[in-house]
Every structure is written in C-alpha cells, then in structure tokens.
1. Here's a check for you: in the range 70-100, which residue that is in contact with a strand residue (DSSP E or B) (Cβ under 6 Å, 6 or more places away or on another chain) and without any contact (Cβ under 8 Å) to a residue 24 or more places away in the chain is farthest from residue 41 (Cα to Cα)?
2. Kindly indicate whether residue 59 is surrounded by fewer than 18 Cβ atoms within 10 Å (Cβ to Cβ) and free of Cβ contacts under 8 Å to residues at least 24 places away in the same chain.
3. Looking only at the range 30-47, decide whether some residue is part of a helix (DSSP H, G or I), closer than 30 Å to residue 153 by Cβ, within 15 Å of the chain's Cα centre (by Cα) and free of Cβ contacts under 8 Å to residues at least 40 places away in the same chain.
4. For residue 64, state whether it is in contact with a helix residue (DSSP H, G or I) (Cβ under 6 Å, 6 or more places away or on another chain) and either in a loop (DSSP other than H, G, I, E, B) or outside the structural domain of residue 19 (by TED's automatic domain parsing) (or both).
5. Suppose the filter is closer than 30 Å to residue 196 by Cβ and surrounded by fewer than 23 Cβ atoms within 10 Å (Cβ to Cβ); does residue 30 pass it?
6. Could you grab me the full set of residues in the range 87-117 that are closer than 18 Å to residue 25 by Cα, surrounded by fewer than 18 Cβ atoms within 10 Å (Cβ to Cβ) and out of contact with any helix residue (DSSP H, G or I) (no Cβ under 8 Å at 6 or more places or on another chain)?
7. Restricting to the range 63-72, name every residue that is buried (at least 17 other Cβ atoms within 10 Å of the Cβ) and either within 13 Å of the chain's Cα centre (by Cα) or under 15 Å from residue 155 (Cα atoms) (or both).
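The values are calculated or read from the model by the stated rules, or taken from the named source; none is laboratory data. All of these numbers come straight from a predicted model, not from anything done at the bench. Cβ atoms come from the backbone with ideal geometry, glycine included; neighbour counts cover every protein chain shown.
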C-alpha cells in the first residue's frame, strides 16, 4: 500500500503541483489549505510525512508543527520556506521539523528529501529497542530516554540525535554525518544546528557527574562511557 503524505500550503497551485509529483513518485496524498484544516485532517489520516509551508494565514507552519508536537503527534515534517533565512531554518528544526526546502524548489530535490525522511523514520521503527551509555538508556519502542531510571523529556529531533550517538557509542561522528543521519542534509552546510542540539542534549543529560557527550575539536562529536 502506498505511503500517505500530507501537503499543507495556502496556495492551491503549490498543493496541486506537490500532490501530482507525489502521485507520480508512487505516494498517496491528502492536502489542507491551512494549519487548522491540517490539524483536523490529522485526526483522521495517518500520514508518514507532512510537507508544511511556513507562511500561511490563520496558523503559520511554525505554529502548526508546535501544535502537532504538543499534542504528541510525531509525524515527520518537511518544511517549505519562501525565504532562505537561517533564522527560519533554525527555528523550524528546533521545534521538531525534520528538514526544509526553500521555494522555488526543484521537484527532484524535494522528492529525494521526502524519500530520505521516510527511510530514516522506517529505520528508527525497526532499530535496536534498547541503547545505553552509563546512566542513559534509550528505548526505541517506547520512544523514551531515562537517566538513572528517571524519564528525560526530549524533542523528536533530540531523541534521533541521541539515538545516532548511542548507535555509534565511542566513535567520533562528523557534523556532515550527523546532518545526514538526523536531518537528511546530504550536502555541505554551514548550519550550526548540530552544535545547537548537542548543547540541548548536554543541558538535559550532563548531570550527577556524567559528561559523556564530547566535542572533538575539528572532527565532530561522540558519546562515551564514563571512566571507572
């Protein structure tokens, strides 16, 4: 059965273009003209991905993603931005979007991003149930992280970043690799989003003497077991 993708954009021409391209690529689609209609649609449809425009009336894309995440909806999100503004990009990724494409976009690039996000999501669904490092345990099936048995609240993006670090425990991972694995950015980027999310993880997980998330200057990041 083809995967279902939701398209949210206030421009009917953009919605039609995207839905047609998705159908040609083998996906099913549903669409909504604004954020409120999208929230209503999400109560009935279960898409594997939502493509959401940032600039919409009534409820913009940022607010829509924030509402989705606050309601526990972790559907992966690809955001569309009319501006190549780093502040927009950073905000979108920070609130839980998985990737972004700037308008005007090439359909081939957009479909590659769609495929990459869905692939990462499916990989996470069949991943190793339990990953650990020192006092940290990550349960893929429950989508839960604990620190010495205390549940730690992580955003979907923080969870994915921690999972990648734990899957490669002890190995130094470059920013390029992390951008690919966590955000699906497969090209050279000066984005500081990796540094930002590493700092978020440290604020939540560096406690009680544990400081296992290391920066290896000029190389990347690693998580390692505490020294005995």
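1. Taking the range 70-100 first, the residues in contact with a strand residue (DSSP E or B) (Cβ under 6 Å, 6 or more places away or on another chain) are 75-81, 84, 88-89, 92, 97-100.
Narrowing the set further to residues that are without any contact (Cβ under 8 Å) to a residue 24 or more places away in the chain leaves 84, 100.
Details: 84: 29, 100: 22 Å.
Top of the filtered list is 84.
2. Details: surrounded by fewer than 18 Cβ atoms within 10 Å (Cβ to Cβ): yes; free of Cβ contacts under 8 Å to residues at least 24 places away in the same chain: no.
Here the answer is no, as residue 59 does not meet what is asked.
3. Residues of the range 30-47 part of a helix (DSSP H, G or I): 35-42.
Filter again for closer than 30 Å to residue 153 by Cβ, leaving 35-42.
Restricting the remaining residues to those that are within 15 Å of the chain's Cα centre (by Cα) gives none.
No: zero hits.
4. On the way: in contact with a helix residue (DSSP H, G or I) (Cβ under 6 Å, 6 or more places away or on another chain): yes; either in a loop (DSSP other than H, G, I, E, B) or outside the structural domain of residue 19 (by TED's automatic domain parsing) (or both): no.
The answer is no for residue 64.
5. Details: closer than 30 Å to residue 196 by Cβ: no; surrounded by fewer than 23 Cβ atoms within 10 Å (Cβ to Cβ): yes.
Considered against the rule, which asks whether it is closer than 30 Å to residue 196 by Cβ and surrounded by fewer than 23 Cβ atoms within 10 Å (Cβ to Cβ), residue 30 comes out as no.
6. 105, 106, 108, 109, 112, 115 - these are the residues of the range 87-117 that are closer than 18 Å to residue 25 by Cα, surrounded by fewer than 18 Cβ atoms within 10 Å (Cβ to Cβ) and out of contact with any helix residue (DSSP H, G or I) (no Cβ under 8 Å at 6 or more places or on another chain).
7. 65, 68, 69, listed by residue number.
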